[in-house]
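> Here it is, the structure, as structure tokens.
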Amino acid sequence: MRFVFKRSYDDDIKLFKHRPQAFYYLALLILMLALPLLLDDFFLGEVTYVLIFAIAGMGLMLLTGHTGQVSLGHAAFLALGAYLNAIMLSKGIPFVITLPLAGILTGIIGMIIALPVLRLHGIYLAIATLAISVLADDIIVMAEPFTGGVTGLVAPPIDIFGLDIDRYGTPILFYFLVLFVTLFVLMIYRNIMRSPLGRAFVAMRDSEISAQALGVNITKTKATAFAISCAITGLAGALLGHFAGAFNNETFNIVLSIQLLLMIVIGGLGSIHGAFFGAMVVGFLPQFIAITRDFATDNFGFNSLSMPGIETGVFALILVLFILFEPMGIYGRWVKIRTYFELFPFYRKNMFKRQKSYLKTERMK
Amino acid sequence: MSLLSLENVTLSFGGLIAVNNVSFHVGEGEVFSLVGPNGAGKSTVFNLISRFYDPQKGNIKVNGESILRLRPDQVPSLGIARTFQNIELFEQSTVLQNLLIGRQRHRKSNLLSEMFFAPSVREEERRHRHVVEEVIDFLELQAYRDKYIAGLPYGIRKVVELARALATEPKLLLLDEPASGLSLEETNDMIYWIEDIKKQMNITVLMVEHDMNLVASVSDRVLALADGKELAIGTPQEVQSHPDVIKAYLGTGGEINV
Ligand SMILES: Nc1ncnc2c1ncn2[C@@H]1O[C@H](COP(=O)(O)OP(=O)(O)OP(=O)(O)O)[C@@H](O)[C@H]1O
Ligand SMILES: [Mg+2]
């Protein structure tokens, strides 16, 4: 059982609610820093992949989880980040400039693309953003002089002040690069969410009408959310380009867009943790399926698990199970377990049952 | 000069004239109530002032200047705050976070400083929190500060919505049925609060309310509407005893309870 006594307003402004919490995250950080000592190159690569997805997940979480704007087009912004970064690198611009610039440009372009669809809500927004994903595919093929069309591009090597970073040559350095970007994005995300802008995001998600009546400029705030979300996704895309080594239009197809969205739903909408949990599921799932498949083939001798599409199938199954049994995602489950221990032995079974909610029958608009 | 004035305002939805040539002025420091049977157009008047609807005719002025060119989100910066008839709180946020959103119109920080949580942002956050805490003390919401709206009872939600409007530090407060659904005791609290809001905070109040006891206790003037048209204007007593008002209420089942 723990009580948190608050003594000043800063207790609610701080990043960590109490000292043990700060300690857990410090321990996690040390673990992440020590990971190259603990894992071999292959698994370190897997963790790197998960972190890249976590960055992309944070990008989409900010937009969908915190601002309530569904996007099924985010693979397009991953692609944009990857291509911008690779093209600028091949022009001889140093990586320390191309990476942030790829993020910023993706943010600006994303915002411009999003402006016309901002007035749409719910399913209509989802369809419009899906169209962005479809179009992106065609545009990549058509813009062959820049993108290499269906042949694709090879991400030029990274050179940071003479330090060569390569996913295969120096996996540890690449891991640290990705970890650094993850922490940077995480810091910015957390800061925004404890600032007036972050509160405006959440307000808009829960009631656009009263957000507006309190002075939130809906169009401007949505555009800002799109810009930040796309910028973060662009950063992830640039890193994903380097992780993949070579990429073409197929790398960033619609399935990836949908996967990104499912990822944050499974992780838990509306929490930054959710982006990380979701990324772990998406990142490790192919590996997990491969291991299970080998195990099944070796021990039971049947080959049915090697059918194509199994990954998507398992993914869909997990999603359905979550929507049915844990709509708050992995993070929601985690909060319940944590509360159980914090309140021990006073946990009540119906603690997280929502009380009677009140219908908004006469809701205007 | 009056703080708020409506001049011959008309708004119709399709064939239905919800607000029909309505004019009234609310003076500074006044508590002004709108009464009338269901569907009289009271909430529509609020939505017109909030700029959710454009009137087809007439003008709405604040401090003598037309507000018809403003967007809804620019209205709060005139010092106008409101509550909604069907409580529009941010369900997935705590009471504290809801009230802090009320500070939105005072936001000075920009995106860049917020991304890095610059010292100026921290300073601003402290100031916002200070104002919000004063509202929490005033409305005795201390026990609910960190509770999520989704789990709160109806009566508390009503108070939180009032608190959120007060957190904007308004000059004019629009309350749409502040006492509907409240118990007798809660309604009495509401009466005291509205009096304090008027006398101590010097906030002008425009209120829609069906509870005639509350209306009569706090209002300086009352305007009765029916079918979008003005029936009577005057002190609570004058309006309550006005023959047209009595007729309008009798026609709808006599909801007036004197
Ligand atoms: N957005 C809208 N579209 C169409 N008709 C509307 C709209 N908003 C209100 N109305 C109609 O306008 C009329 C006035 O509605 P309003 O909500 O202003 O009534 P009210 O006086 O607030 O009533 P109550 O006491 O029930 O809240 C009603 O007949 C209502 O059905
Ligand atoms: Mg009404």
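> What aspartates and glutamates sit close enough to B:Lys229 to cross-link, taking a C-alpha to C-alpha distance under 16 Å and skipping anything fewer than 8 places away on the same chain?
By straight Cα distance, B:Lys229 reaches B:Glu7, B:Asp244.
> How compact and how long is the stretch A:131-271, expressed as Rg and Dmax of its alpha-carbon atoms in Å?
18.4, 56
> Show me the trypsin sites (Lys or Arg not before Pro) within the stretch A:109-204 that DSSP assigns to loop and that have at most 14 other Cβ atoms within 10 Å of their Cβ. Spell out each step's value before the answer.
On the way: sites: A:Arg119, A:Arg167, A:Arg190, A:Arg194, A:Arg199; in loops: A:Arg119, A:Arg167, A:Arg194.
When the trypsin sites (Lys or Arg not before Pro) of the stretch A:109-204 are filtered for loop state and at most 14 Cβ neighbours within 10 Å, A:Arg119 remain.
> Give me the summed buried accessible area for the A-B pair, 1.4 Å probe, to the nearest 100 Å². Kindly include the intermediate steps, with their values, before the conclusion.
Values: alone 20410 and 12630 Å², together 29020 Å².
Between A and B, the summed buried area is about 4000 Å².
> Right, something else. Leaving out ligands, DNA and RNA, and with a 1.4 Å probe, what % of the accessible surface on the protein assembly as shown is carbon or sulfur? Let's see the in-between values first.
On the way: 18180 of 29020 Å².
Summing carbon and sulfur atoms, their accessible area is 63 percent of the total for the protein assembly as shown.
> What residue among A:Phe252, A:Phe243, A:Phe43 shows peak mean-square fluctuation when chain A is described by a Gaussian network model with Cα springs under 10 Å?
A:Phe43
> To continue, here is another question. First select every other residue whose beta carbon is under 13 angstrom from the beta carbon of A:Trp334; then total the charges, Lys and Arg +1, Asp and Glu -1.
Details: positive: A:Arg333, A:Lys336, A:Arg338; negative: A:Glu326, A:Glu342.
Within the 13 Å Cβ shell, the charges total +1.
> When only C-alpha pairs under 8 Å and at least 6 residues apart count, what is the relative contact order of the stretch A:202-329, in percent?
Values: 63 pairs, mean separation 23.3, N = 128.
Dividing the mean separation by the residue count of the stretch A:202-329 yields 18 percent.
> For a quick check, take a GNM of chain A with Cα springs below 10 Å and name the residue from A:Leu319, A:Leu51, A:Leu33 with the largest mean-square fluctuation.
Evaluated over chain A, the most mobile residue of the options is A:Leu33.
> For the protein assembly as shown, what does the helix formula give at 222 nm: sum of -39500 (n - 2.57) over DSSP H segments with n ≥ 4, over the residue count, nearest 500 deg cm²/dmol? Working shown, then result.
On the way: 24 runs with 338 residues, N = 623.
So the calculated ellipticity at 222 nm is -17500 deg cm²/dmol.
> Once you've got the Cα coordinates, tell me which of A:Lys17/A:Lys336; B:Lys42/B:Lys247; A:Lys220/B:Lys108; B:Lys171/B:Lys199; A:Lys222/B:Lys147 are over 22 Å apart. Could the numbers behind the result be given before it?
Details: A:Lys17/A:Lys336 17 Å; B:Lys42/B:Lys247 18 Å; A:Lys220/B:Lys108 16 Å; B:Lys171/B:Lys199 13 Å; A:Lys222/B:Lys147 27 Å.
Violating the 22 Å limit, Cα to Cα: A:Lys222/B:Lys147.
> Given the stretch B:92-154, report the % of alpha carbon pairs whose separation exceeds 15 Å.
Details: 1093 of 1953 pairs.
For the stretch B:92-154, the fraction of Cα-Cα distances above 15 Å is 56 percent.
> Relative to the Cα centre, what is the charge dipole magnitude of the protein assembly as shown, using +1 at the beta carbon of each Lys and Arg, -1 at the beta carbon of each Asp and Glu, and rounding to the nearest 20 debye?
That gives the protein assembly as shown a dipole magnitude of about 520 debye.
> Hey, got the dipole for chain A? About the Cα centre, +1 on K and R Cβ, -1 on D and E Cβ, debye to the nearest 20?
Numbers: 27 positive and 21 negative charges, 466 e Å.
The dipole magnitude comes to about 2240 debye.
> Return the sequence-ordered ³J(HN,Hα) values of the stretch B:21-37 in whole Hz as given by the Karplus equation 6.51 cos²θ - 1.76 cosθ + 1.60 applied to θ = phi - 60°, using x for Gly and Pro.
For the stretch B:21-37, the Karplus curve yields 6, 8, 10, 6, 10, 10, x, 4, x, 8, 10, 10, 10, 9, 10, x, x Hz.
> Just give the residues from the stretch B:90-107 buried by at least 50 square angstrom of accessible area in the all-chains context relative to the isolated chain, probe 1.4 Å, and say none if nothing qualifies.
B:Phe90, B:Gln92, B:Ile101, B:Gln104
> Counting partner chain Cβ atoms within 10 Å of every residue's Cβ in B:152-160, what's the average? It would help to have the intermediate numbers written out before the result.
On the way: counts 2, 3, 2, 0, 0, 1, 0, 0, 0.
Other-chain Cβ atoms within 10 Å of each residue's Cβ, averaged: 1.
> Please give the per residue accessible area of the protein assembly as shown, computed with a probe of 1.4 Å over protein heavy atoms only, in Å². Provide the component values of the computation, followed by the final result.
On the way: 29020 Å² over 623 residues.
Averaged over the residues of the protein assembly as shown, the accessible area is 47 Å².
> Now, a different point. Rounded, prolate or oblate: which fits the stretch A:1-74, taking a ≥ b ≥ c as square roots of the Cα gyration tensor eigenvalues, rounded meaning a/c under 1.5, else prolate when a/b beats b/c? Present the calculation step by step, with values, prior to reporting the outcome.
Values: a/c = 3.73, a/b = 1.20, b/c = 3.11.
Taking the square roots of the gyration eigenvalues as a ≥ b ≥ c, the stretch A:1-74 is oblate.
> Now for a separate question. Would you work out if chain A is rounded, prolate or oblate? Take a ≥ b ≥ c from the square roots of the eigenvalues of the alpha-carbon gyration tensor; rounded if a/c is under 1.5, else prolate when a/b is larger than b/c, oblate otherwise. Display every interim value, and only then the final one.
Details: a/c = 1.39, a/b = 1.20, b/c = 1.16.
Verdict is rounded for chain A.
> In percent, how large is the relative contact order of chain A, given Cα pairs closer than 8 Å and 6 or more residues apart? Write out the running numbers ahead of the final one.
Values: 480 pairs, mean separation 105.0, N = 365.
Worked out over chain A, it gives 29 percent.
> Right, something else. Remind me, what semi-axes does chain B give for its equivalent ellipsoid, largest first in whole Å, using sqrt of 5 times each Cα gyration tensor eigenvalue? If you can, show how the numbers build up before the last one.
Numbers: eigenvalues 210, 95, 50 Å².
Each semi-axis is √(5λ); the values are 32, 22, 16 Å.
> Using alpha-carbon pairs under 8 Å, 6+ residues apart, how would you state the relative contact order of the stretch B:135-258 in percent?
Values: 123 pairs, mean separation 21.7, N = 124.
About 18 percent, as a whole number.
> Once you sort the root eigenvalues of the Cα gyration tensor of the protein assembly as shown as a ≥ b ≥ c, which label holds: rounded (a/c under 1.5), prolate (a/b larger than b/c) or oblate (the other case)?
Numbers: a/c = 2.29, a/b = 2.00, b/c = 1.15.
In terms of gyration-tensor shape, prolate.
> Right, here's the next one. GNM on chain A, C-alpha springs below 10 Å: top fluctuator among A:Gly215, A:Gly73, A:Gly149?
Comparing A:Gly215, A:Gly73, A:Gly149 in the GNM, the peak value goes to A:Gly215.
The values are calculated or read from the model by the stated rules, or taken from the named source; none is laboratory data. This one's a predicted model, so the numbers in the text were calculated from it and none came from an experiment. All Cβ positions, even for glycine, are placed from backbone atoms using ideal geometry, and neighbour counts span all protein chains on display. Just so you know, the surface numbers come from the protein's heavy atoms only, side chains and all, with ligands and any DNA or RNA stripped out. Shrake-Rupley method; radii C 1.70, N 1.55, O 1.52, S 1.80 Å.
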